[in-house]
Amino acid sequence: MTLAPLRAAARSHRQRPVGLAPTESPVDGAVLVLHDVTKAYPNGNVALRDVDLVVPEGDFVFLVGPSGAGKSTLIKLIIRDEIATTGAVILDGQDLARLARRQVPKVRRKIGIIFQDFKLLPTKTVRENVAFALEVTGTPSREIGPAVDRVLALVGLTAQARQLPGTLSGGEQQRTAIARALVHDPRMIIADEPTGNLDPLISWEILQLLLRINELGVTVLMATHNAEIVTALRKRVVALEDGRIIRDEEAAAYHRED
């Protein structure tokens with residue numbers, strides 16, 4: 001199945017959907033929908049304003065913008081660390097604001113999160129770090145080993161499985177974090193500045209890995225300040241400024257090209 005029809009449909013819905021009910025997805029196959037989302041904090045700071053966004057299954061999206069533009073708040077809404085003040089955030093057909101507390105962990109398992117600073121457990125081996133993501137969700141032990149083996153092979157860390165994070169290079173630590181994010185078969189990967197602590201060569205290796213994961217069908221949303229990477233890869237670019245989406249373009253550069 002080609003992703004072209006989904007992407008075309010997404011483009012047609014990037015203006016605010018009209019008459020969208022809170023639990024409706026405006027695009028069949030959309031993993032993520034934000035409809036008229038505003039996030040205001042008690043101190044009066046408005047981090048996001050009237051945001052509409054559709055991310056079809058299998059898309060690769062760069063989220064760009066200056067510090068304070070709203071990228072971190074947007075990610076927090078998607079992983080349900082925060083709840084929108086107004087509007088709807090719909091992940092895989094579920095309105096996150098309407099979830100009961102007990103439902104949140106299950107929905108979060110649909111997302112794999114990769115951080116700039118890796119967030120690995122220093123006293124656990126590579127294998128144990130990845131396995132831990134399944135253990136905390138109650139995955140049967142007989143299923144954990146094969147799942148861990150599969151993702152370690154995918155990210156090229158089979159040989160490092162018994163090593164502690166402190167003995168790894170920065171690139172290997174980030175690949176461990178990617179394996180951990182993938183091990184529960186998420187619908188979507190959110191990568192928050194995943195190359196921010198890496199040198200240029202290793203950054204490109206991590207990007208190639210994320211592209212390969214995307215080719216396997218996993219949706220990727222990557223927040224980054226790395227203009228070189230964004231411009232070179234020519235993927236979809238969603239640009240935030242002062243809490244608003246000011247640009248949403250396919251095959252785009254980091255900066256607007258007029």
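The values are calculated or read from the model by the stated rules, or taken from the named source; none is laboratory data. Being a predicted model, the structure only gives us computed values, none of them experimental. Here Cβ is always computed from backbone atoms with ideal geometry, including for glycine, and neighbour counts include all displayed protein chains.
Points worth noting:
- Flag for Ile246 being modelled with pLDDT of 95 or more and over 15 Å from Arg175 (Cβ atoms): yes
- Of all residues in segment 72-109, exactly one satisfies the criterion of being assigned to a loop (DSSP other than H, G, I, E, B), in contact with a strand residue (DSSP E or B) (Cβ under 7 Å, 6 or more places away or on another chain) and under 24 Å from Thr176 (Cα atoms), namely Ile79.
- Test: residue in segment 82-92 that is at pLDDT 95 or above, surrounded by 13 or more Cβ atoms within 10 Å (Cβ to Cβ) and in contact with a Pro (Cβ under 7 Å, 6 or more places away or on another chain): yes
- For Ala253, the criteria (1) outside any strand (DSSP E or B); (2) within 22 Å of Leu53 (Cα to Cα); (3) within 18 Å of the chain's Cα centre (by Cα) hold in every case but one, which is (3).
- Checked against the criterion of being in contact with a helix residue (DSSP H, G or I) (Cβ under 6 Å, 6 or more places away or on another chain) and crowded, with 20+ Cβ neighbours inside 10 Å, the candidates Ile202, Ile144, Ile178 yield just one match: Ile178.
- Exactly one residue out of Val126, Val136 is in contact with a helix residue (DSSP H, G or I) (Cβ under 8 Å, 6 or more places away or on another chain) and of a type in the set (A, V, I, L, M), and it is Val126.
- Scoring Gln208 on the criteria (1) more than 23 Å from Leu182 (Cα to Cα); (2) loosely packed, with under 13 Cβ neighbours inside 10 Å; (3) modelled with pLDDT of 95 or more; (4) of a type outside the set (A, V, I, L, M) leaves a single failure, condition (1).
- Arg127 surrounded by 19 or more Cβ atoms within 10 Å (Cβ to Cβ) and not aromatic (Phe, Trp, Tyr): yes
- Test: residue in segment 105-127 that is of a type in the set (Asp, Glu) and either at positive phi or free of Cβ contacts under 8 Å to residues at least 24 places away in the same chain (or both): no
- Listed by position, the helices (runs of 4 or more DSSP H) enclosed by segment 110-199 that each have at least 2 residues that are within 25 Å of Leu32 (Cα to Cα) and under 20 Å from the mean Cα position of the chain (by Cα) are 126-135, 170-182.
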